[in-house]
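Taking it in order: structure first as structure tokens, then the write-up.
The values are calculated or read from the model by the stated rules, or taken from the named source; none is laboratory data. The shown structure was predicted, so the numbers you read here are calculated from the model rather than taken from an experiment. Every residue, glycine as well, gets a Cβ built from its backbone with ideal geometry; the counts of neighbours run over all protein chains shown.
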Amino acid sequence: MRHQAIAIIGGSGFIGSHLVNALVEMGKDVRIATRRRYNARHLTLLPIDVIEADVFDPVQLARFVEGADCVINLVATLHGKRGTPYGADFARIHVELPTRIVAACEGKGVHRLLHVSALGADSHGPSMYSRSKGDGEKAVHAANLAWTIFRPSVVFGPEDQLLNKFAFLQRMFPVIPLAMPDAKFQPVYVGDVAKAIVNVLDLDAAGGRTYELGGPTVYALEDLVEYCGTVIGKHARIIRLPESLARLQALTFEMAPGEPVISRDNLDSMKVDNVLSGPLAPELGIEPASIETIAPIYLTGASTRSRFDAFRATAGR
Ligand SMILES: NC(=O)c1ccc[n+]([C@@H]2O[C@H](COP(=O)([O-])OP(=O)(O)OC[C@H]3O[C@@H](n4cnc5c(N)ncnc54)[C@H](OP(=O)(O)O)[C@@H]3O)[C@@H](O)[C@H]2O)c1
């Protein structure tokens, strides 16, 4: 079935922005909800509707999804106040919101829901993040809708918070005390995540399916940091922190103002390897790009034109 009118919640973010671009290129009618129009300012040149809304308000949410053929949810947080089983912030954003989105879709006759979760989502997982993501998926499973869930490993791309951070830290500091250096990840390119989502948007067989998304290579965290150092030509000395010191470091970050660089909950998430359980599903239609082909383009600050040329080449355009 063809879905033309797409309503996206969380469309101004990292993955959302790439997805919005991909949908616009396909000629879809796209609207995004944002808490503040300013947060979506980088999308203003696109032919989309940017709607300021409080998506936790059932009336505003219902109005936002009304008339859409498909709703896509990309809202998430990496940090929240601690609590059992996962504290109020994770509960609100990862569980309550998907529950409300399902209710709004059912109430307004929207039949398709795409929900971006995360690899490792598990109601019995080791972290508040993984447990709340797992319960959010359960809310989607219970929906009387053609839902599809995506579970990416960590995502890399020009605006990522991962490789850019490792490069920044090595530009700034000669030494990096690294928590969980052996934690495993299978980073996936943001363009491939967007492509996978659009490829199954209209696929009836994708209803009721959960798709893991990962790149071609599994890396240990320490290898990723070293790789970023190699790309920018500036290696910091990595000090592998034992768990007790890693937790102390995370607690210190949590007590400082602003978002912590890393939290104790992030450490808990990394206790489970963030790698795919099997090969990518063929219907996703992606041959995932490697970090080595993409990351040097943005980590080294190549010119904007050559960056876009390279991204177009990998996107096949
Ligand atoms: N990036 C990764 O490496 C990665 C890895 C695995 C899974 N994922 C999953 O992929 C999805 C998208 O991730 P992302 O990296 O693109 O996230 P992001 O850049 O942080 O964007 C999240 C979006 O959610 C909205 N949002 C955040 N808090 C909100 C709140 N309290 N109420 C309403 N809206 C809120 C924001 O929209 P406004 O500011 O416009 O309101 C923002 O555009 C998430 O489900 C995430 O868990 C990401």
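Taken together, the criteria place His79 among residues that are modelled with pLDDT under 95 and either on the phi > 0 side of the Ramachandran plot or touching a Ser or Thr at 6+ places or on another chain (Cβ under 7 Å) (or both). The residues of segment 223-272 that are in contact with a Phe, Trp or Tyr (Cβ under 7 Å, 6 or more places away or on another chain) and outside any loop (DSSP other than H, G, I, E, B), listed by number, are Leu224, Val225, Cys228, Asp265, Ser269.
Which residues, taken from segment 73-116, are farther than 23 Å from Arg131 by Cβ and hydrophobic (A, V, I, L, M, F, W, C)?
Going residue by residue through segment 73-116, those that are farther than 23 Å from Arg131 by Cβ are 104-112.
Of everything in segment 73-116, those that are farther than 23 Å from Arg131 by Cβ and hydrophobic (A, V, I, L, M, F, W, C) turn out to be Ala104, Cys105, Val110.
The condition (being touching a Leu at 6+ places or on another chain (Cβ under 9 Å) and at pLDDT 95 or above) is satisfied by just one residue among Gly10, Gly27, Gly67: Gly10. For Val95, the conditions (1) of a type in the set (Val, Ile, Thr); (2) under 30 Å from Gly278 (Cα atoms); (3) more than 14 Å from the ligand (Cβ to nearest atom) all hold with the exception of (3). Taking segment 36-56 as the range and being modelled with pLDDT of 95 or more, in contact with a helix residue (DSSP H, G or I) (Cβ under 9 Å, 6 or more places away or on another chain), surrounded by fewer than 13 Cβ atoms within 10 Å (Cβ to Cβ) and not in a helix (DSSP H, G or I) as the test, the residues that pass are Pro47, Asp54. Checked against the criterion of being out of contact with any strand residue (DSSP E or B) (no Cβ under 7 Å at 6 or more places or on another chain) and under 22 Å from Leu203 (Cβ atoms), the candidates His115, His111, His141 yield just one match: His141. Which of the residues spanning segment 250-275 are within 30 Å of Leu213 (Cβ to Cβ) and among the polar types (S, T, N, Q)? Once the filter is applied, which keeps residues that are within 30 Å of Leu213 (Cβ to Cβ) and among the polar types (S, T, N, Q), segment 250-275 yields Ser263, Asn266, Ser269, Asn274. May I ask you to list the residues in segment 135-166 that are away from the ligand (no atom under 11 Å from the Cβ) and within 15 Å of Ala194 (Cβ to Cβ)? The answer is Thr148, Pro158.
Taking each residue of segment 115-138 that is within 16 Å of Leu213 (Cβ to Cβ) and looking for partners that are part of a helix (DSSP H, G or I) and of a type in the set (Lys, Arg) with beta-carbon atoms closer than 7 Å, six or more apart or interchain, yields Ser117/Lys133; Ala118/Lys133; Ala121/Lys133. Within segment 154-164, the set of residues being within 14 Å of the chain's Cα centre (by Cα) and either in a strand (DSSP E or B) or surrounded by fewer than 23 Cβ atoms within 10 Å (Cβ to Cβ) (or both) comprises Val154, Val155, Phe156, Pro158, Glu159, Asp160, Gln161, Leu162. If you go through segment 72-87 and pick out every residue that is away from the ligand (no atom under 14 Å from the Cβ) and hydrophobic (A, V, I, L, M, F, W, C), you end up with 0. The residue of segment 59-98 that is farthest from the chain's Cα centre (by Cα), among those that are exposed (fewer than 15 other Cβ atoms within 10 Å of the Cβ) and among the β-branched types (Val, Ile, Thr), is Val59. Among all residue pairs at least 6 apart or on different chains, which show Cβ distances below 7 Å where the first residue, located in segment 17-41, is within 16 Å of Ala196 (Cβ to Cβ) and more than 9 Å from the ligand (Cβ to nearest atom) and the second is part of a helix (DSSP H, G or I) and of a type outside the set (Ser, Thr, Tyr)? As it stands, the answer is Val20/Leu43; Ala22/Ala194; Ala22/Lys195; Ala22/Val198; Leu23/Val198; Met26/Val198, since those pairs meet every condition given. When Val116, Val65 are screened for being within 13 Å of the ligand (Cβ to nearest atom) and closer than 24 Å to Leu19 by Cα, only Val116 passes. For segment 136-162, the set of residues classified as among the charged types (D, E, K, R) and either farther than 25 Å from Lys271 by Cβ or in contact with a Phe, Trp or Tyr (Cβ under 8 Å, 6 or more places away or on another chain) (or both) consists of Arg151, Glu159, Asp160, listed by residue number.
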